[in-house]
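*Asks:* Take a look at the following structure, please.
The values are calculated or read from the model by the stated rules, or taken from the named source; none is laboratory data. Quick caveat, the model's predicted, so the values are computed rather than measured. Quick reminder, even Gly has a Cβ in these numbers, built from the backbone with ideal geometry, and neighbours come from all protein chains shown. The area values use the complete protein model at the heavy-atom level, side chains included, leaving out ligands, DNA and RNA. Shrake-Rupley method; radii C 1.70, N 1.55, O 1.52, S 1.80 Å.
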Amino acid sequence: MKKKNNIINMQASNKSIVGRTLFLMAVFGIVAFIVLAIRLYKVQIIDHELYESNAVEQQVRDTTVTANRGSIYDRNMNTLAMSATVSTVYISPAELIQYGEEDMKAMISSRLSEILGVDYDSIMKKWDDTASWYKTVAVKIEADLADQVRDLKNEYDLKSVHIVPDTKRYYPNGSLASQIIGFVGVDNNGLEGIEAVYDSYLQGVNGRIVRVATEKGVDLLYTGYENYYDASDGNSLVLTVDDRVQHYLEKNLAQAIEDYQIQDGAMGIVMDVKTGAILGMTSLPNYDLNNYLTVNEDTLAKIEAQNLSDEDYDTAVYNALLKQWRNRIISDSYEPGSTFKIITLAMGLEEGVISENDTFTCNGSVMVKGRTTPIHCWKHSGHGQQTLAEAAQHSCNPAFVNIALRVGAERFYDYVEAFGFFDHTGVDLYGEGNSIWWTPEVFEDSNNHSQLAAAAFGQTFTITPLQLITAVSAVANGGYLMKPYIVSKVIDSDGNVVENREPTVVRQVISEEASKRACAILETVVGAPGGSGKNAYVAGFRVAGKTGTSTDTTIEAATGEKKYMVSFIGFAPADDPEIAVLVILDNPSKESGLSASGGTMAAPVVGNIMYDVLPYLGVEPDLGVDGESGVYEVKVPNVKTYSVEEAKKSMESLGFNVKVVGSGATVTDQAPMANVSIAPNSTVVIYAGEDKPTKTVEVETLNGMSYRQAKAVLEQDGLFIRCVGVAPSEALTIVVASQSISPGSEVAYGSVVQVTLIDNDSSIMESAG
């Protein structure tokens, strides 16, 4: 009985255990289901996009279709920057394994190294990452190299070597307008200049090719699935820059650096005074846009001549790169010197405190309140009594101090602000610098006029060259301060205009009447016999302007040596100005043989730029304007087959002297050839039966010679002279400042050498101030 009861109790106990077990299993099952449900919810709902994306990445292969970067054009639609198709070469270590090409690894690396100029060991190292499908070997290679790689690939049916299309930026004009245009990096993103500022316009949007692939990334053929998403090419830019104007600007600045042995570079800008459009702008030395990481050849030669340590050499090269990329016209500030007298003159005329009938007496210096020493004129002996126009011609410091005092410190400061010297101009380029001025409290101190007096002739403050030419353009154009700009239009890949940039008037600073009066006075600075800007004269054109010569006080304080910056700003035609030109030459050498002044060095450069640019822009010469020069050049007629007597009469009627070589009755040849222009009173040669020499002639150094000497030297060598600049004269102060053909060059007998003549009379050319 007892045994039976035990059995019953065991059965009851077992039932209880089973029940509890089933209960616990149910509970755990429910909990597990809830956890699973939560996990499924997270995977399928919350992380759906993540897993879907991962699945797509495993199942498809995505290839980028590179968009073409937009082009950059000058204002006449000449190409300044463009993109072209090139290739990028990469290897696939994973495919090397997959397709059994391991035995060819060394051969492939060797051949690619030979073709592409890439280090063999670096290619071999790339193969080590066997999980990788993409290891770049070379980017943006030209078609001839890509063809050689393609031949290698086809020769061995290589699956682990790939060539894909890419784009590369080209600059067809090399260094032309380099600081304006800028450059792109290897990823085609703009890094400098217009390329950087308008990067978002130029870039475009890359396209894609999407194909089905295995989990190892191998394309699955014949699936019928392939999506192609077109690339959207970038927009193109049309600049205000004219490539011919830019060329003339750079050519003449480069010549000035050579002629005057400029140590620290040259800057120049050409602006449309009526619109603010920049037609040309540069800082020299510049650089080749296609090799922007290469230092300018002349600069590199100077660095290498210093015998620097490796570390110092690398530092010097790095700093040289930064300097040549820098657009000093917009970034650097400097003391403008006497070019600022244009602004002081305009203030005085607008305020009515001066007139053309006023006279100013210069005794060589002037005292002003707050100074213990006098302010000197550059001409320490003084200019004596002079009219307003003569004070401008003489660049007389005491006269302009007088004008500033009449205007008054508060109004002077107001005009400085109105002319835009306290603000950025807003030009569409990065890196615009700031001016440095005295605070109003210091400048307007009634007990100290020293800052006002110095500011009258452009000292004790700094401005950017762009600020100066923008303000002077306002003086020239009727009084309107314009916002300078570089980009005139944005166009799409079909040539449709997306954006059109119009000239922007910032404000009117002076009246049209004051503008006209200022222009007339400034024209005499160039056109009058005693004008300090006479070396900017261009025969047949009415040029106005002002010289400037200043010193770098920081360097002078540190070294005790004077470093000059000589400049000239001019505009033409003076009676209806169209363009303004500013040239700054930084640190001319004492070895140049000429005085370091804006009138001696910078003025003729501006004159030469005007000589090139004005006719090109279609500005008609004013035939009533001879100045003191008369005719500078005469075209040589064709007298071949004439009788000797007829030929002599024809030449002599044009003012030429004639030399006859040979005893024949008929002209068989002539020197120079017909239709070239040479200086009047030149001696031409006609050949009567004798052969004209076919030899070449070495051009001699003419710089520093008087006009008479240079003409005689050239004619003795069988060469001829043509002149620009001031009028040819027998005066010993009329000297050659520049020659179109470098000394030592070999040219054909009878060639013409163009020289720039200047008046080197130190009594009219201002020194620093």
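*Asks:* On a 0 to 90° scale, report how tilted helix 105-116 is relative to the longest principal axis of the chain, with both axes built from alpha carbons and the result rounded to the nearest 10.
*Replies:* Taking the Cα atoms of the chain, the angle to 105-116 is about 20 degrees.
*Asks:* So, taking all protein chains as they sit and a 1.4 Å probe, how much accessible area belongs to TYR415, in Å² rounded to tens?
*Replies:* Counting only protein heavy atoms, the figure is 10 Å².
*Asks:* Sticking with this structure for a sec: Just to make sure I understand: if all protein chains stay in place, what is the order of TYR749, TYR318, TYR90 by accessible area at 1.4 Å, largest first?
*Replies:* TYR318, TYR749, TYR90
*Asks:* What is the stretch 618-769 by shape, rounded, prolate or oblate, if you read a ≥ b ≥ c off the alpha carbon gyration tensor as root eigenvalues and call it rounded for a/c under 1.5, prolate for a/b larger than b/c, and oblate otherwise?
*Replies:* Note, shape of the stretch 618-769 comes out prolate.
*Asks:* What FRET efficiency comes out for VAL676 versus THR130 if R0 is 60 angstrom and r is the Cβ-Cβ distance? Round to the nearest 0.05.
*Replies:* Between VAL676 and THR130 the formula returns 0.25.
*Asks:* Of (i) 311; (ii) 233; (iii) 188, which one was derived for volume of the Cα convex hull per residue in Å³ from the structure shown?
*Replies:* (i)
*Asks:* Here is a follow-up. Just to be sure I understand the model, the point goes 7 Å from the Cα along the line to the Cβ. What's the resulting GLU512 to HIS380 distance in nm?
*Replies:* 4.8
*Asks:* A further question on this structure: Before rounding to the nearest 500, sum -39500 (n - 2.57) across all DSSP H runs of length at least 4 in the chain and divide by the residue total; then give [θ] at 222 nm in deg cm²/dmol.
*Replies:* Theoretical 222 nm ellipticity from helices: -10500 deg cm²/dmol.
*Asks:* Ignoring ligands, DNA and RNA, how do ARG708, ARG722 rank by accessible area with a 1.4 Å probe, largest first?
*Replies:* Heavy-atom accessible area, descending, gives ARG708, ARG722.
*Asks:* Report relative contact order for the stretch 485-600 in percent, whole number only (criteria: Cα-Cα under 8 Å, sequence separation at least 6).
*Replies:* 18 percent.
*Asks:* To the nearest 20 debye, what charge dipole does the chain have about its Cα centre, counting +1 at the Cβ of each Lys and Arg and -1 at the Cβ of each Asp and Glu?
*Replies:* 2580
*Asks:* Residue by residue, what Karplus-based ³J(HN,Hα) values in Hz, rounded to whole numbers, does the stretch 187-192 have, using 6.51, -1.76 and 1.60 with θ = phi - 60° and x for Gly and Pro?
*Replies:* Taking θ as phi minus 60°, the curve returns 8, 6, 8, x, 10, 9 Hz for the stretch 187-192.
*Asks:* Still on this model: Could you tell me what percent of the accessible area of the stretch 429-495 is made up of carbon and sulfur, with a 1.4 Å probe and every protein chain present?
*Replies:* Answer for the stretch 429-495: carbon and sulfur cover 49 percent of the accessible area.
*Asks:* Which whole-number percent gives the relative contact order of the chain, counting Cα pairs below 8 Å spaced six or more residues apart?
*Replies:* 11
*Asks:* May I pose another question? Which residue, LEU594, THR299, MET367, has the largest displacement toward the positive end of the dipole of the chain when charges sit on each Cβ (Lys, Arg +1; Asp, Glu -1)?
*Replies:* Value computed over the given set: THR299.
*Asks:* Relative contact order of the stretch 304-408: what whole-number percent is it, with Cα pairs under 8 angstrom and at least 6 residues apart?
*Replies:* 26
*Asks:* Which value, in Å² and to the nearest 10, is the accessible area of LEU191 when all protein chains are kept and the probe is 1.4 Å?
*Replies:* 90
*Asks:* Compute the acute angle (0 to 90°) between the alpha-carbon long axis of helix 465-476 and the principal axis of greatest extent of the alpha-carbon atoms of the chain; round to the nearest 10°.
*Replies:* Orientation of helix 465-476: about 50 degrees from the principal axis.
*Asks:* Still on this structure, please answer the following. Need one word for the stretch 384-477: rounded, prolate or oblate. Basis is the Cα gyration tensor (sqrt eigenvalues a ≥ b ≥ c); a/c below 1.5 gives rounded, then a/b vs b/c decides.
*Replies:* oblate
*Asks:* Identify the GluC sites (Glu not before Pro) of the stretch 695-769 meeting these criteria: DSSP loop state and at most 12 other C-beta atoms within 10 Å of the C-beta.
*Replies:* GLU730
*Asks:* Also, quick follow-up: Taking the 0 to 90 degree range and rounding to the nearest ten, how far is the long axis of helix 2-41 tilted relative to the main principal axis of the chain, both from C-alpha atoms?
*Replies:* Between helix and principal axis, roughly 20 degrees.
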